[in-house]
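Just so it is clear, none of the values below were taken in a lab; they were calculated from the coordinates. None of the values given here were measured: they were computed from a predicted structure. Because the Cβ atoms are built from the backbone with ideal geometry, glycine has one as well, and the counts that use them run over all protein chains shown.
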Amino acid sequence: MALRRSIVQITAGMTVVLLLMGWIALLLVNNTQSKALDAKLGAVLAQADDVGDPPEGSYLARLRPGSRQAGRPAATVEITPGAPAPVARLLSDILLTGAAEPPGGQDSIELPPAGTYRIRVTTRTDGQRWAIASDLTALRADQRDVFQALLLAEVAGVAGALAAALLLSRRSVQPLARALQLQRRFVADASHELRAPLTILHTRAQILAADPAAEPGSALGKGLRGLVEDTRALGEVIGDLLASAELDRHPRRTQLVDLDQIAAVVVRSSAAHSDSRGVTLSHLTEDSAEPVQVMGHPTALRRAVTALVDNAVRNTPAGGRVDISTTTRDDRAELVVADTGVGFEPDQADELFTRSFHHSTGEDDQHDDGHRFGLGLALVRETAAAHGGSITANSTPGHGARFTLALPRAPGHDIPEHGRNR
């Protein structure tokens, strides 16, 4: 991902520079050619002796002094023989009306079917008025040749920019990729090594907390129950780290997954936790509904849904409820976790999914870890992104929260028995 982003950014930047330089070069070349043509036509008007020998593609016209009497032309305008009728009419009108420039002051004039012409008019010191019309076909052809040459140069430049971006990006990203790979391997290995002793520690803490000598109201009883909660929370963090490392190392390990089955498994595994907190956890299903299927990594998706449910249960006071439901919308499959808990401020919706975010209701409760969003929801966002989906959160403070995991829907409707998740 980082390599592709780097290649795209470098190539886009160099392409923009090349296009800008090409556009400026084209404007300069066209402007130079246009000025050269104007200078050539000006020289012809200043030096021509008659209208019979204009440059190729041009036509001359002149009006001699004294050719107008009693306000009416007494002689016709002399025009280069063979001039197209539209050109001849325009040159005659310009000279007979005494216009100092072409109609409307246009740089070029369309004269169907003769073509497009550049018109220039002058009055010499001897009083003679001259006009010239130059066919722009040759100029336009030269400009097209220049444009095509610049276009080929741009294509070659973009190809070179892409090759350079690929080379530079590989050299710059490879050390980072190796460092990230080592980091992920360390996280996975460390998490695996910590899981077993932590499980033993948690079990021992539970046994001690269940001892009759550890009375619920005593300092020892409170301390042991706190130790159980702390070791359980630490175990969940280790589980998050392992799931994140697994998703990074095997992002393409996919199969057909039924989100309703994922929800049912999570509800069963989280029932004890929700019951201990006095929260009702339900999986809402419709008998007539079609299966909600996605292509994905079963373990990662199950861990993501578990994180959503765990977050909802932790932030819902006793007597509240958490509901999981699934639905399909066009080509998307959605799993929704809604609770009646403390909620959060709307402007915190994006911050919830950052790894360092913490939230507290400000209440003096003994389950302060219950208001930690942190790594669990960050993992949910990473899992959603890895599956081409998204996670959104909506809430009204004090009136619960609603998290929607949206994923691309798998083609087809029926899941073979061997492909279902248990």
Likely footprinting exposure, HIS387, HIS202, fewest C-beta neighbours within 10 Å first:
HIS202, HIS387
Once phi is turned into θ = phi - 60°, what whole-Hz ³J(HN,Hα) does the Karplus curve with 6.51, -1.76 and 1.60 give for every residue of the range 339-344, x standing for Gly and Pro?
10, 10, x, 6, x, 7
Per-pair calculated FRET efficiency, R0 = 60 Å: GLU345 and THR137 via Cβ, rounded to 0.05
0.30
Suppose each label sits 7 Å from its Cα in the direction of the beta carbon; what would the ASP145-ARG124 distance come out to in nanometres?
3.3
Can you check what the net charge comes to around ARG402, using other residues whose Cβ is under 10 Å from the Cβ of ARG402 (Lys, Arg +1; Asp, Glu -1)?
-2
Any chance you could check the Cα centroid distance between the range 134-164 and the range 265-333 for me, in angstrom?
60
FRET efficiency for ALA214 and ALA271, using Cβ-Cβ distance with R0 set to 30 Å, rounded to 0.05
0.75
Would you order THR327, THR76 from fewest to most other beta-carbon atoms within 10 Å of each residue's own beta-carbon?
THR76, THR327
How would you rank 341-348, 110-117, 140-147, highest first, on the average number of other Cβ atoms within 10 Å across their residues?
341-348, 110-117, 140-147
Please give the residues of the range 11-45, grouped as numeric ranges, whose backbone N is less than 19 Å from a label point set 7 Å along the Cα-to-Cβ vector of LEU166.
11-16
Show the residues, 5+ positions off or on another chain, whose built amide H is closer than 5 Å to the amide H of PHE344.
THR396, GLY398
Which Rg and Dmax, in Å, describe the Cα atoms of the range 87-149?
13.9, 46
